[in-house]
1. Scan Val43, Val97 and give me the residue that is buried (at least 20 other Cβ atoms within 10 Å of the Cβ), touching a residue at least 12 places away in the same chain (Cβ under 8 Å), in contact with a strand residue (DSSP E or B) (Cβ under 9 Å, 6 or more places away or on another chain) and on the phi < 0 side of the Ramachandran plot.
2. Within segment 113-128, can you find the residues that are closer than 21 Å to Val8 by Cβ and part of a helix (DSSP H, G or I)?
3. Keeping to segment 18-40, report how many residues are surrounded by 12 or more Cβ atoms within 10 Å (Cβ to Cβ) and either of a type in the set (A, V, I, L, M, F, W, C) or in contact with a helix residue (DSSP H, G or I) (Cβ under 8 Å, 6 or more places away or on another chain) (or both).
4. Please indicate, with yes or no, whether at least one residue in segment 97-111 is more than 17 Å from the chain's Cα centre (by Cα) and at pLDDT 95 or above.
5. The conditions are (1) at positive phi; (2) surrounded by 15 or more Cβ atoms within 10 Å (Cβ to Cβ), and Leu108 fails exactly one of them. Which is it?
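The values are calculated or read from the model by the stated rules, or taken from the named source; none is laboratory data. Computed from a prediction, not measured in an experiment: that's the story for all the values here. Counting neighbours? That spans all protein chains shown, and the Cβs are built from the backbone with ideal geometry, glycine included.
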Amino acid sequence: MILVDSSVWIDYFNGNQTNQTDWLDSSLGNSPIVIGNLILTEVLQGFQNDKDFKIAKDLLLKIPFMPMGEQSLAVESAMNYRLLRRKGVTVRKTIDVIIGTFCIHNHLTLLHCDHDFDPMVKYLGLKIVDI
């Protein structure tokens, strides 16, 4: 299963064509894609227009959902953050460490467009969509 990061969804809804949005567009309905509460929140909070918000919400709510917030994941994410920091890497956003850890913990592949995930691939074994 593939978790699509908010970085890709935001580009997708803004009409920015990237390799990741092309992959997403061709995979919707054809590949096992899931969404989590953190990503759903990040994507939907950015809409200024109510009509666009409703369209996006209706689409995203059709995608299989996985909650991302149990206590053990919080501890595991903190441990991963600390490991990356010991390797000399400081991830800019804590939410990215949580998303990466969630994928690792649940054996999900991540589709992203955010360099903060690169050290998680290198040091933590995060699997990503190879584009």
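1. After applying the criteria, what remains is Val43.
2. His115, Asp116, Phe117, Asp118, Pro119, Met120, Val121, Lys122, Leu124
3. The total comes to 13.
4. Scanning segment 97-111, I find no residue that is more than 17 Å from the chain's Cα centre (by Cα) and at pLDDT 95 or above, so the answer is no.
5. (1)
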